[in-house]
Structures are given as structure tokens and as C-alpha cells.
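The values are calculated or read from the model by the stated rules, or taken from the named source; none is laboratory data. Note that the structure is a prediction, hence the values are computed from the model and not measured. Cβ placement follows ideal geometry from the backbone for every residue including glycine, while neighbour counts extend to all protein chains displayed. In case anyone asks, the SASA skips ligands and DNA or RNA and just uses the protein heavy atoms, side chains included. Shrake-Rupley method; radii C 1.70, N 1.55, O 1.52, S 1.80 Å.
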Protein chains: 2
Amino acid sequence: MENENFVFPPSSMIFNGNNGFSARPVTDTKEDILKEHNDLVHPNIPGWFSEYCPVWPGQTHFLKVEKILFQGKSKFQSMMVFQSSAYGKVFVLDGALQLTEKDECSYQEMMTHLPLCSIPNPKKVLLIGGGDGGILREISRHSSVEQIDICEIDTMLIDVYKEFFPDIAVGYKDSRVTVHIVDGTVFLSSVPRGTYDAIIVDCFDPIRPDHEVFESPFFELVSRALRPGGVICIQAESIWFRSLHIEELFIKCRQTFKGSVDYAWTIVPAYPSGVIGFLLCSTEGPYIDFRNPINPIGPEGRYGVAKEPLKFYNSEVHSAAFCLPSFVKVIDTRTESS
Amino acid sequence: MENENFVFPPSSMIFNGNNGFSARPVTDTKEDILKEHNDLVHPNIPGWFSEYCPVWPGQTHFLKVEKILFQGKSKFQSMMVFQSSAYGKVFVLDGALQLTEKDECSYQEMMTHLPLCSIPNPKKVLLIGGGDGGILREISRHSSVEQIDICEIDTMLIDVYKEFFPDIAVGYKDSRVTVHIVDGTVFLSSVPRGTYDAIIVDCFDPIRPDHEVFESPFFELVSRALRPGGVICIQAESIWFRSLHIEELFIKCRQTFKGSVDYAWTIVPAYPSGVIGFLLCSTEGPYIDFRNPINPIGPEGRYGVAKEPLKFYNSEVHSAAFCLPSFVKVIDTRTESS
């Protein structure tokens with residue numbers, strides 16, 4: 001059924017890339033653009049976007065496309081920005097929905113403040129991935145922070161966000177931020193041991209016990225780059241997907257990081273199943289109780305470069321995020337392994 | 001795009017209704033059934049079901065249909081049961097997804113145990129709507145309960161659930177249950193004042209401050225049927241939808257019920273936006289702190305007629321359900337109005 005109301009965007013939206021972009025202006029014919037758009041969609045409704053969710057086949061969430069604002073390819077990945085009628089602007093990377101203006105607050109705020117509010121006085125923070133800038137924006141709210149490093153391999157991604165999502169990419173305006181255009185593993189190898197209080201990893205697909213990262217040196221390098229009692233936060237699966245074996249995940253992470261391990265989750269309606277989890281670990285050192293935000297960030301606090309107060313996070317939501325349904329109830333491995 | 005893998009159900013599935021059903025056997029042609037099915041779908045993919053979400057246009061969630069198991073119409077409403085590939089069996093009422101086998105645990109357990117675990121020793125419980133039997137199943141876990149009344153107007157709905165969802169309709173097997181086939185308002189009018197410890201209302205579309213129920217005598221009748229310090233739980237909107245003005249809802253409910261008012265939510269991935277809320281109120285009398293489950297139900301407890309332990313609810317999740325994102329943070333009206 002052709003959606004009668006869908007007006008395809010005129011070919012006038014030309015994105016002027018820089019920094020080595022291989023972006024192409026959106027000047028193709030309607031048919032060319034539709035074909036490329038449709039290749040991302042499974043199944044297909046003209047004028048609507050959906051992402052295929054391979055971990056939970058047989059369901060898909062469609063968003064009505066008001067206008068495609070940008071399409072391009074860097075040497076690493078393909079990107080699309082469109083205006084949706086329900087979620088504001090949407091960013092799509094290699095066919096997968098990355099964020100929407102409507103609900104990015106939940107993901108960015110929780111991924112940042114869950115780790116940073118769990119430790120006293122964070123000063124040095126590393127973000128790996130997260131090129132959109134939203135986590136930088138959130139780190140910026142913490143006045144104790146003196147140094148914010150970000151490793152993002154794809155400059156085109158940064159520039160597309162700066163162009164189309166200025167309220168998210170605003171994080172780059174913080175003068176404490178240094179951008180490192182380099183692979184995260186390469187960067188970590190060069191970092192002196194014990195440099196960071198917190199490392200936030202926003203570059204993997206959701207993590208589970210059989211994730212390839214456990215076989216690679218990546219986590220060892222992260223652990224080495226953290227000070228004793230330093231913390232890592234990484235995106236970690238929806239609790240509704242059967243592939244999440246949280247006890248196994250705990251055991252693997254305790255072996256790697258040797259401190260606390262905990263699992264939290266938040267709601268992001270544009271993501272498959274509407275929720276996404278976070279894995280929080282600390283290195284050997286002072287005990288970190290992730291459920292207790294000892295370094296709270298209140299509504300009265302300074303915003304840093306963010307233009308608005310927190311939309312989603314607060315200390316109550318922080319603690320509540322660790323309460324899991326009975327079907328994923330965590331067996332506390334601290335007792336078992338100690 | 002015709003979905004190549006979709007095999008339309010053979011016409012062999014004949015449902016034998018009783019109790020005044022106007023059910024019709026599913027013996028129509030493929031074309032007839034598809035047309036009726038498609039009338040429920042907006043937009044349309046053959047072989048997939050989606051519900052149109054009028055409170056949040058521009059998005060829709062599709063479920064792949066493996067087989068339509070039942071279609072019929074009572075004198076009140078139309079019903080469909082289908083086997084989905086992602087969520088197990090799905091029940092659809094007048095085109096709206098009611099529940100799925102995959103995630104019904106969250107809705108039914110939270111809607112039942114949030115009120116019943118908040119009061120000591122509940123003995124008499126009334127369920128209005130909830131004809132599927134899942135809330136009855138959950139009430140059945142409470143050994144203090146002596147009397148369970150259910151008002152369900154549509155016997156066909158009950159019978160369809162008994163036929164296709166025996167693990168949900170199992171709630172009817174509890175000997176404490178009395179089924180009243182009557183409109184909820186009519187039933188409430190006949191109930192002596194102060195009869196019930198708890199009333200669970202599972203028959204409205206999500207409630208918001210401008211909901212017509214506030215203009216009707218329904219809430220007054222519920223309040224009258226509750227003992228002092230008795231509690232009501234009612235389905236109440238997704239926090240992601242702008243129509244939810246939670247402060248207004250609080251004020252209206254405090255005026256009506258005169259005791260505590262609180263708002264909780266849970267995750268149900270098959271529902272629009274993946275979350276649904278609950279409004280909890282108590283009548284004037286002993287103070288009820290809904291956030292504190294003083295009448296806990298543990299994994300070691302008896303199951304009643306349920307065949308399995310709790311899948312979703314636990315005391316931690318109970319308290320966490322009241323922690324709201326900053327964008328819907330509740331102003332405590334207790335202070336303001338006292």
C-alpha cells in the first residue's frame with residue numbers, strides 16, 4: 001500500500017561535508033533514494049523507516065519519514081538523517097537506528113550519570129565512540145571533571161551530528177573536550193596506566209556474554225587505563241532478549257575488572273523492545289556501590305554546555321535502574337567468588 | 001511487498017463458542033480473512049499485524065503473524081487470536097493489541113501486586129474487566145484473600161481466553177473466584193459500602209486527566225465500594241505520551257478518593273512506546289505508602305492456581321516502579337493540599 005500522504009523530500013538538501021567526507025549530496029532521483037532507503041528496511045512500507053532487529057525476528061518498529069535530510073557514506077559506514085513525525089530527527093548508521101531527538105535523553109543521561117554519579121569527584125573521563133556528542137554534553141554537567149577525551153574514528157559522523165543535531169553535538173563545545181580521531185584500541189594502548197576515573201564505551205552493539213570483545217584485548221586495555229576503583233559503563237542488551245545471560249556476563253566482567261559489577265537498564269522507546277541495558281564495572285580498589293549515587297547531580301546544578309536541565313536522570317531513577325524483573329534477577333556473584 | 005514466507009492459516013481452526021457467543025467459525029476464504037485483518041492494520045504489510053496508535057501517530061509496531069487462530073465478534077466487540085513468531089500468542093480486541101504470551105507477565109503481575117502488596121492482609125478483592133484471567137491468576141497467589149469477584153461483561157472474551165490462553169485463564173480455576181457477567185458500574189451500584197480491600201480496574205484504555213471516567217459516577221462508586229484505606233489500581237498511560245499530565249491526574253484522584261495517590265509504571269514491549277503506567281489510590285483511612293510493599297510476595301510463596309513462580313514482580317521492582325524520569329517528575333500534592 002503506497003502511503004498517499006508521503007511527500008518525498010525534494011532534492012534540494014545538499015550537505016556540505018568537510019574533514020575528508022565522502023558524503024554525497026542528496027541529488028539522486030526519487031527512485032535511487034527510495035531503493036537505498038528500502039535496502040535498509042525489512043519489511044517495507046514506502047515512506048516509513050524500520051530497522052531489522054536480528055536478535056528478535058518477527059517484529060519491527062516503523063517510523064513515518066517526513067523528510068530525508070541527509071544520506072552519505074564515510075569510509076567506515078553509511079549514514080542517514082531523517083525527520084520523523086513521531087520522534088523528531090532520527091540518525092541511522094548502516095541501517096540501524098542510533099538515536100532520536102525524542103528519547104536520546106534517556107540513553108545519554110543514564111549512560112553518563114550512572115558511572116559518574118557513582119564515584120566521588122571524577123576528574124578524567126574517556127569516551128570511546130559516542131561521536132554524536134550527547135554523552136560529552138552530559139559529562140559537561142559535572143563540574144569536578146577536568147579532562148574529557150573522546151576517541152571517535154569517523155569524522156564524518158561527528159560533522160553530520162554537528163550539522164543536524166546541534167543540541168546533541170553541543171557537547172563538543174566544552175573546552176575540556178579533546179577529540180582523538182583514532183581507533184579506541186589503538187588509543188588505549190598509548191594511555192599511561194591508571195589515567196582515567198571513568199571510561200564510557202558507546203561503540204559496540206549491545207554486549208552479551210559471548211560478545212567478541214571478551215576474546216579481544218579491549219577490556220584488558222580499558223582496565224589498565226582506569227585508576228584503581230575507576231569505572232566503566234558499556235551498553236549491554238535488552239533484558240527482553242533471551243541472549244542476555246546476566247550471571248555469565250557478571251562472571252566474565254569480574255574476572256576482567258576485578259571490582260564491582262552491576263547491571264542497570266533504561267527505557268528507550270525507539271530501540272527494539274523499548275529498553276536497553278548498561279553494564280557497570282569497577283577496577284580493583286575502593287569498593288564502588290553503583291546503586292548508590294554518592295556524587296548526585298541535581299536539577300539545581302550547573303548545566304555545563306547543555307542548554308537544558310536533565311530530562312530523564314535523577315537519583316531515584318539511578319537506583320531504580322538496577323532493580324531487575326524476576327526473570328533476569330541477578331545472582332550476586334560477589335558472594336560466590338569471594 | 002508480499003511476504004513470501006507467510007503461509008495463511010488453513011480454514012480448519014473452528015472455535016466452538018458457548019455462553020451466547022456470536023462467534024463465527026474461521027471458515028472464510030483467505031481473501032475475506034485478510035480483508036478483515038487488514039482493516040485493523042495501519043499501514044499494511046500482508047502477513048503482519050500492527051495496531052494503530054492514535055495517541056502517537058507516525059509510528060507503528062509490527063508483529064509477524066504465523067497463524068490466525070481465531071476471529072469472532074461478540075455483541076460487544078471483535079476479537080482475534082494469532083500466533084506470532086516473536087511474542088507467542090497474541091489477543092487483539094477491536095484492533096487493539098491486548099496482551100501477548102511473551103510479556104503479559106509484566107502487566108498482570110504489576111497491576112495485581114502493586115496494590116495487593118501495599119496493604120496488609122487483603123481479604124476481598126474486586127476485578128472490573130480483566131476477563132483474560134491473568135489478574136485473577138495473580139490475585140490467587142495471595143493466601144490472605146478470601147473472596148475474588150470479577151465483573152466482565154463479555155462471556156465470549158472469557159471463553160476465547162480459556163480456549164487459547166489456558167495459562168492465563170487459569171485464574172478462573174481459583175475456588176475463591178465468582179464471575180459476575182454484568183457491567184462494572186451496575187455491579188458497583190449494588191455493592192454494600194466498604195466491601196472491598198482492593199479494586200483493580202482493567203477495562204479502560206489508558207487513563208489521563210481528561211478521561212471521561214472523571215466525569216462519570218464510576219470513580220465515586222469505586223470509592224464507595226472500598227473500605228477506609230482500601231486501594232484501587234487502574235491502567236494509566238505511557239509516560240512517553242505528552243497527554244499524561246500527572247500532577248492533574250493526582251489532584252483529580254485525591255479529590256475523588258481522598259487518600260494516597262501515586263503513579264507507577266512497567267515495561268511491556270508489545271505496547272506502544274514499550275511502557276504502561278498504573279494509577280494507585282487509596283480511600284480516606286489508614287495511610288497507604290504504595291512505594292513500600294509491606295505485604296511482600298516472595299519467590300518462595302505459594303502460587304495459588306498459577307503454575308509458575310512470579311516472572312516479573314519482586315519487591316525491588318515494586319518500589320522502583322514509582323521512580324519517574326525527570327520529565328514526568330511528580331510534584332507531591334500531599335504537601336500542597338494538606
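Results for (1) at the interface with chain B (Cβ under 9 Å from one of its Cβ atoms); (2) more than 24 Å from residue A:134 (Cα to Cα); (3) at pLDDT 95 or above, shown as yes or no for each residue.
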| site | (1), (2), (3) |
| --- | --- |
| A:300 | no, no, no |
| A:307 | no, no, no |
| A:313 | yes, no, yes |
| A:334 | no, yes, no |
| A:338 | no, yes, no |
Subject >> Which numbered condition residue A:86 fails, given (1) touching a Ser or Thr at 6+ places or on another chain (Cβ under 7 Å); (2) within 18 Å of residue B:273 (Cα to Cα) >> reply: (1)
Original post:
If the Cβ limit is 7 Å and pairs must be 6+ apart or interchain, which residue in segment A:262-276 that is under 11 Å from residue A:236 (Cα atoms) and facing chain B (nearest Cβ under 8 Å) pairs with which residue that is open to solvent by 10 Å² or more (accessible area, probe 1.4 Å) and outside any loop (DSSP other than H, G, I, E, B)?
Top reply: A:275/A:265
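Where in segment A:80-190 are there strands (runs of 3 or more DSSP E), lying wholly inside it, with at least 2 residues that are more than 14 Å from chain B (Cβ to nearest Cβ) and within 26 Å of residue B:58 (Cα to Cα)?
Numbers: elements: A:89-93, A:96-100, A:124-129, A:147-151, A:177-180.
The qualifying strands (runs of 3 or more DSSP E) are A:89-93, A:96-100.
Could you check, for segment B:285-298, whether at least one of its residues is more than 13 Å from residue B:113 (Cα to Cα), facing chain A (nearest Cβ under 10 Å) and open to solvent by 10 Å² or more (accessible area, probe 1.4 Å)? Please lay out each step first, then the result.
Step one: list which residues in segment B:285-298 are more than 13 Å from residue B:113 (Cα to Cα), which gives B:285-289.
Subset that is facing chain A (nearest Cβ under 10 Å): none.
So far as segment B:285-298 goes, no, none of its residues is more than 13 Å from residue B:113 (Cα to Cα), facing chain A (nearest Cβ under 10 Å) and open to solvent by 10 Å² or more (accessible area, probe 1.4 Å).
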**OP:** Considering only residues that are more than 9 Å from chain A (Cβ to nearest Cβ) and basic (Lys, Arg), look in segment B:58-79 and name the one that is least open to solvent (accessible area, probe 1.4 Å).
**Re:** B:67
Original post:
Which of the following residues is closer than 23 Å to residue B:155 by Cα, modelled with pLDDT of 95 or more and open to solvent by less than 10 Å² (accessible area, probe 1.4 Å): B:232, B:168, B:267, B:181?
Top reply: B:168
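Against the definition (in contact with a helix residue (DSSP H, G or I) (Cβ under 8 Å, 6 or more places away or on another chain), of a type in the set (Asp, Glu) and either more than 18 Å from residue B:111 (Cβ to Cβ) or free of Cβ contacts under 8 Å to residues at least 60 places away in the same chain (or both)), how does residue B:237 come out, yes or no? Spell out the reasoning first.
Details: in contact with a helix residue (DSSP H, G or I) (Cβ under 8 Å, 6 or more places away or on another chain): no; of a type in the set (Asp, Glu): yes; either more than 18 Å from residue B:111 (Cβ to Cβ) or free of Cβ contacts under 8 Å to residues at least 60 places away in the same chain (or both): yes.
No, not satisfied.
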Original post:
Going by the structure shown, is residue B:76 in a loop (DSSP other than H, G, I, E, B), at pLDDT 50 or above and within 30 Å of residue B:208 (Cα to Cα)?
Top reply: yes
Original post:
Which condition number in (1) hydrophobic (A, V, I, L, M, F, W, C); (2) in contact (Cβ under 8 Å) with a residue 40 or more places away in the chain; (3) within 14 Å of chain B (Cβ to nearest Cβ) is the one that residue A:320 fails?
Top reply: (2)
Original post:
What number of residues within segment A:107-141 satisfy the criterion of being open to solvent by 10 Å² or more (accessible area, probe 1.4 Å) and over 18 Å from the mean Cα position of the chain (by Cα)?
Top reply: 4
